[in-house]
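Here is the structure we will look at, set down as structure tokens.
The values are calculated or read from the model by the stated rules, or taken from the named source; none is laboratory data. In this text the structure is predicted, and so the values were computed from the model without any measurement. Positions of Cβ are generated from backbone atoms using ideal geometry, with glycine treated the same way; all protein chains shown enter the neighbour counts.
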């Protein structure tokens, strides 16, 4: 059987991980006898059905890399495909792996460590991303959630080029929620093209602890790269920014969606056209129905005791940039929103007539659908490059679910489920992006 996509599933290999309610309320109820075995590989069929690859055995074992909770894939034709994986422990580590796929049936899938296990530069690394810079080198960003403070670590794959500083310690927490915001917590980062000639690229980092989005610029300095802070955008107090993703559509490329974990909302922000600095676009939008958690059946022994039922996780754009998908834990649902906008007729348009970033006027997010995820604690979302499939990693029901997606309406329909203990992350890759043996 050939697959439309190959998926990699990260997990927690130790009990009681990444649950902020563990100490105060005993944690989210789940089968604690189940823990992950390492990074799993799955195949996604043309209908969205899921199948284990490698006979269901981990392609990266927990003994080699414990708590492989987040991963990032980077593959370009003519270069070895790499999967970078963090080890979310107090003594944070990360490891790159070379990927090979000899046949598109999952049998010939191989992963080999590419070099030594490396320090992440901080405690509890929970996010990693890497991309090719304008200079042709790979930059790797590691967000260390931390205990005393959040840390962003920047790694360049060209050892001849230094990054200064390569380890950025975030400041104090907002302390709005004293239990969770006593200190900064770097939760995720993204890389976007620079809007000014003075910098190569920009980096935006979500700091859950300080309620802010921190913006950096990467500057070229002879044989080194310099990372300088460009500014900070304050999120609503106590909201806890978790993830952010800029729109993949060129017409909306200055707009990003931010997941606000602690208020279970999504928020649109943008880079201003004249200087590239961040600003908010309107008010955040809730992921929860108005009667949650005061619905029939919700008692103090379940959802209501955990932050009043508010615990958002991932948010992402559809490939065409016209829909947002965001997951709410505790409510265990995905909310779908359509981006509403208009084109300023007095500004420049693209050849397709859709508009460029300066001609698009963002109006709001319009609610489309709210659908159960089919599991408990949806931690990570992954959408296929074609936009036809959405996958969800469930931490506390120990599985990965797949949904088919209508590209016109944006609506989702459940397709399949596959068991994966303590699933924390899922990423999708086109098979042809991995190395094929001759």
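Here is a check on your reading of the model: is residue 105 over 19 Å from residue 379 (Cβ atoms), surrounded by fewer than 17 Cβ atoms within 10 Å (Cβ to Cβ) and at pLDDT 95 or above? It would help to see each step written out before you state the result.
Working: over 19 Å from residue 379 (Cβ atoms): yes; surrounded by fewer than 17 Cβ atoms within 10 Å (Cβ to Cβ): yes; at pLDDT 95 or above: no.
Spelling it out, it is not the case that residue 105 is over 19 Å from residue 379 (Cβ atoms), surrounded by fewer than 17 Cβ atoms within 10 Å (Cβ to Cβ) and at pLDDT 95 or above.
Is it true that residue 146 is surrounded by 16 or more Cβ atoms within 10 Å (Cβ to Cβ) and in contact with a strand residue (DSSP E or B) (Cβ under 6 Å, 6 or more places away or on another chain)?
On the way: surrounded by 16 or more Cβ atoms within 10 Å (Cβ to Cβ): yes; in contact with a strand residue (DSSP E or B) (Cβ under 6 Å, 6 or more places away or on another chain): no.
No, not satisfied.
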In segment 379-400, what count of residues is obtained for those that are more than 17 Å from the chain's Cα centre (by Cα) and either assigned to a loop (DSSP other than H, G, I, E, B) or crowded, with 23+ Cβ neighbours inside 10 Å (or both)? 5
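Of all strands (runs of 3 or more DSSP E) completely enclosed by segment 1-54, which ones contain at least 1 residues that are in contact with a helix residue (DSSP H, G or I) (Cβ under 9 Å, 6 or more places away or on another chain) and either in contact (Cβ under 8 Å) with a residue 24 or more places away in the chain or over 20 Å from residue 124 (Cα atoms) (or both)? First the steps, then the outcome.
On the way: elements: 5-11, 38-44, 50-52.
Correct list: 5-11, 38-44.
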Identify, by number, the condition in (1) in a loop (DSSP other than H, G, I, E, B); (2) touching a residue at least 24 places away in the same chain (Cβ under 8 Å) that residue 403 doesn't meet. (1)
Applying the selection to segment 175-195, what residues are touching a strand residue (DSSP E or B) at 6+ places or on another chain (Cβ under 6 Å) and under 20 Å from residue 88 (Cβ atoms)? 184, 186, 187, 188, 189, 190
Looking only at segment 348-374, filter to residues that are surrounded by fewer than 20 Cβ atoms within 10 Å (Cβ to Cβ) and modelled with pLDDT of 95 or more; which one of those is nearest to residue 332 (Cα to Cα)? 372
May I ask you to verify whether residue 116 is over 27 Å from residue 402 (Cβ atoms), over 23 Å from the mean Cα position of the chain (by Cα), part of a loop (DSSP other than H, G, I, E, B) and modelled with pLDDT under 95? yes
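Only one of these is buried (at least 21 other Cβ atoms within 10 Å of the Cβ) and either free of Cβ contacts under 8 Å to residues at least 24 places away in the same chain or in a loop (DSSP other than H, G, I, E, B) (or both): 58, 66. Name it.
58
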Does residue 98 fit the bill of being in a loop (DSSP other than H, G, I, E, B), out of contact with any helix residue (DSSP H, G or I) (no Cβ under 8 Å at 6 or more places or on another chain) and modelled with pLDDT under 95? no
Condition check for residue 96: within 22 Å of residue 186 (Cα to Cα) and surrounded by fewer than 19 Cβ atoms within 10 Å (Cβ to Cβ): no
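Over 20 Å from the mean Cα position of the chain (by Cα), closer than 18 Å to residue 36 by Cα and not in a loop (DSSP other than H, G, I, E, B) - does that describe any residue in segment 82-89? Before you say what the answer is, go through the steps one by one.
Of segment 82-89, the ones over 20 Å from the mean Cα position of the chain (by Cα) are none.
No, segment 82-89 contains no residue that is over 20 Å from the mean Cα position of the chain (by Cα), closer than 18 Å to residue 36 by Cα and not in a loop (DSSP other than H, G, I, E, B).
For residues in segment 248-305 being assigned to a loop (DSSP other than H, G, I, E, B) and in contact with a helix residue (DSSP H, G or I) (Cβ under 6 Å, 6 or more places away or on another chain), which is modelled with the lowest pLDDT? Before you say what the answer is, go through the steps one by one.
Here is the first cut: in segment 248-305, the residues assigned to a loop (DSSP other than H, G, I, E, B) are 248-249, 253-254, 264, 272-277, 287-302.
Okay, now just the ones that are also in contact with a helix residue (DSSP H, G or I) (Cβ under 6 Å, 6 or more places away or on another chain), so 292-293, 298.
On the way: 292: 90, 293: 85, 298: 55.
The residue in question is 298.
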